[in-house]
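The values are calculated or read from the model by the stated rules, or taken from the named source; none is laboratory data. Just so it is clear, the model here is predicted, and its values are computed rather than measured. Glycine also receives a Cβ, built like all others from the backbone with ideal geometry; neighbour counts cover every protein chain displayed.
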Amino acid sequence: MIYTEEMRASQARVEATRNIRLSEELPRFTAEEKGELLRQYHPDYHEEGFAVLSVGPNKGDKVPKELAALLQGKSRMDTADVDLDHIQFETDVLVIGGGGAGAAAAIEAARHGAKVLMATKLRMGDANTGMAEGGIQAADKESDSPEAHYLDAIGGGHYKNKPELLAELVLHGPEAIQWLSSLGVLFDKNSDGSMVTTHGGGTSRKRMHACGDYTGAEIMRVLRDEVRNAGVDVVEYSPAVELLLDGEGKAAGAVLYDFDTREYHVVRAKSVIIATGGAGRLHYQGFPTSNHYGSTADGLVMAYRAGVPLIYADAIQYHPTGAAYPPQIYGALVTEKVRSLGAMLVNKNGEAFLHPLETRDVVAAAIIRECQERDKGVYALHGPAVWLDTPMVDLINGEGTMEKRLPAMIHMYEKFGINIRKQPILVYPTLHYQNGGICIGAKSKTKIPGLYAAGEDVGGIHGTNRLMGNSLLDIIVFGRIAGTEAAGYSQTA
Ligand code: MEZ
């Protein structure tokens, strides 16, 4: 590993001052300080990064300028090349997107007797779902409750969450874990057979259920098989480029673009579910991203063009700990679970500067602040950084904890000669999640009859700041609801 002299000296200081423990003693932020921190340092608040929409259902809304360009741009299909009378596929339910939400929706729609076609931009499973590491939240114990889950999430979301959506999310939490387990997801268990649960940022109870630090990959593995078992037809490398509405303004299908043949295909469907994920690969404000290559706001754009309002499109989540070094993994996710297990965020002088399990927006803002203050941050080739003191996980929880709980993290760094059990790592916020998105009601319905949406492309569930593990939960809860509802609608259409 090539360290600069400054990084080497800083790491030595971090190691020499490893006497801090995760405790209430650490700086916490009051509500006013949080607001101040956000206004001063959080990139969401760099006003120049946003454009004001002048057309469409949400006239006057602010959106990142990269997204505004897509929303206001031309259709991604050349209408002269599409013969709408030439229908290649006919189905009851069309699911657009092959991540966790799309898969859950397709499985449930098929189980309710619908003929289902899934169209994916890349391969089924190439999605942010597979990249979510640390866990899925669900309040399923006596010491916890959906009410506590609700309060944590609404506080974390700055009280902007749509109550009916959040209630749906937390009430279905335990059922979602049972459903995934019944399909074969191997959650971590204690020796007595109970689930291992941990804290995440902003959670008052231990309710994070995990499969090591590859929770999303394990969930996606199982869902991918189940989609096939359920008899869903899957068309890969065929992104939807435009929705089709009938003469009464109801959902009627979509136009797909086949990456292999470069032809357009018309799909006629009785109901349509948008589950295309987020927008991280638009690299808002030049940030690195933890997102997969397909996250380019496709669903937001299609829904908006069809007349569906978006909500909180300017609320973007920067995960506090993206890898800042080595450059080959710049922006890759360093799971919040590392902090849940006790690792501290430390500046170059070995000082801990906040409680590491504050909500994500606050932690990200505090890291940016630390890096902006002279002599506190470290410079790590591509930009500023602070240290995440990973060896503390084994120091606090015992030798072997990292091996057991963070195998994917160990592996990611091992490839570059970095042993995270022995050396702290450099981190900086990375563009992680689209908090806002398509407006839906509690049954995943959009304002267009027959059009449903689920997953990261939906807004309102998490307000303007999501808590860790609530996204893996929402893709299952709202994916399943969308599938059930769309199947029911298709039988009446
Ligand atoms: O919900 C997430 O974004 C998540 C589980 C991320 C992580 O840090 O592991």
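Remarks
- Of the listed requirements (1) closer than 23 Å to Ile476 by Cβ; (2) among the small types (Gly, Ala, Ser); (3) surrounded by fewer than 23 Cβ atoms within 10 Å (Cβ to Cβ), Gly216 misses just one: (3).
- Being within 16 Å of the ligand (Cβ to nearest atom), surrounded by 18 or more Cβ atoms within 10 Å (Cβ to Cβ) and outside any loop (DSSP other than H, G, I, E, B) is a property that His462 lacks.
- Test for Lys160: is it at pLDDT below 95, of a type outside the set (Phe, Trp, Tyr) and closer than 30 Å to Asp314 by Cβ: yes
- Residues of the range 292-313 that are in contact with a strand residue (DSSP E or B) (Cβ under 9 Å, 6 or more places away or on another chain) and either closer than 25 Å to Pro356 by Cα or within 15 Å of the ligand (Cβ to nearest atom) (or both): Ser295 alone.
- Filtering the range 287-340 to residues that are charged (D, E, K, R) and either assigned to a loop (DSSP other than H, G, I, E, B) or at pLDDT 95 or above (or both) leaves Asp298, Asp314, Glu336, Lys337, Arg339.
- Failed item in (1) touching a strand residue (DSSP E or B) at 6+ places or on another chain (Cβ under 7 Å); (2) of a type in the set (Val, Ile, Thr); (3) within 15 Å of the ligand (Cβ to nearest atom), with Thr335 passing the rest: (1)
- Subset of the range 75-97 (residues that are in contact with a helix residue (DSSP H, G or I) (Cβ under 8 Å, 6 or more places away or on another chain) and closer than 24 Å to Glu226 by Cβ): Asp92, Val93, Val95, Ile96, Gly97
- Flag if Ser191 is modelled with pLDDT under 95 and surrounded by fewer than 17 Cβ atoms within 10 Å (Cβ to Cβ): no
Residues are listed down the side, and each one gets a yes or a no for (1) assigned to a loop (DSSP other than H, G, I, E, B); (2) touching a Phe, Trp or Tyr at 6+ places or on another chain (Cβ under 6 Å); (3) at pLDDT 85 or above:
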residue	(1), (2), (3)
Gly35	no, no, no
Lys74	yes, no, yes
Ile107	no, no, yes
Ala110	no, no, yes
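- Cβ pairs under 9 Å, 6+ apart, first in the range 302-323 and hydrophobic (A, V, I, L, M, F, W, C), second within 16 Å of the ligand (Cβ to nearest atom) and modelled with pLDDT under 90: Ile316/Phe287
- Any hit, the range 129-138, residues being surrounded by fewer than 23 Cβ atoms within 10 Å (Cβ to Cβ) and more than 16 Å from the ligand (Cβ to nearest atom): no
- From Thr464, Thr401, residue being modelled with pLDDT of 95 or more and of a type in the set (Ser, Thr, Tyr): Thr401
- Test: residue in the range 18-29 that is modelled with pLDDT under 90, assigned to a helix (DSSP H, G or I) and basic (Lys, Arg): no
- Listed by position, the strands (runs of 3 or more DSSP E) enclosed by the range 219-278 that each have at least 3 residues that are at pLDDT 95 or above and of a type in the set (A, V, I, L, M, F, W, C) are 240-245, 251-257, 264-274.
- Members of the range 420-458 that are surrounded by 24 or more Cβ atoms within 10 Å (Cβ to Cβ), assigned to a strand (DSSP E or B) and more than 16 Å from the ligand (Cβ to nearest atom): Leu426, Ile438, Leu451, Tyr452, Ala453
- For the range 140-180, filtering for residues that are away from the ligand (no atom under 16 Å from the Cβ), in a loop (DSSP other than H, G, I, E, B) and in contact with a Gly (Cβ under 9 Å, 6 or more places away or on another chain) leaves 5.
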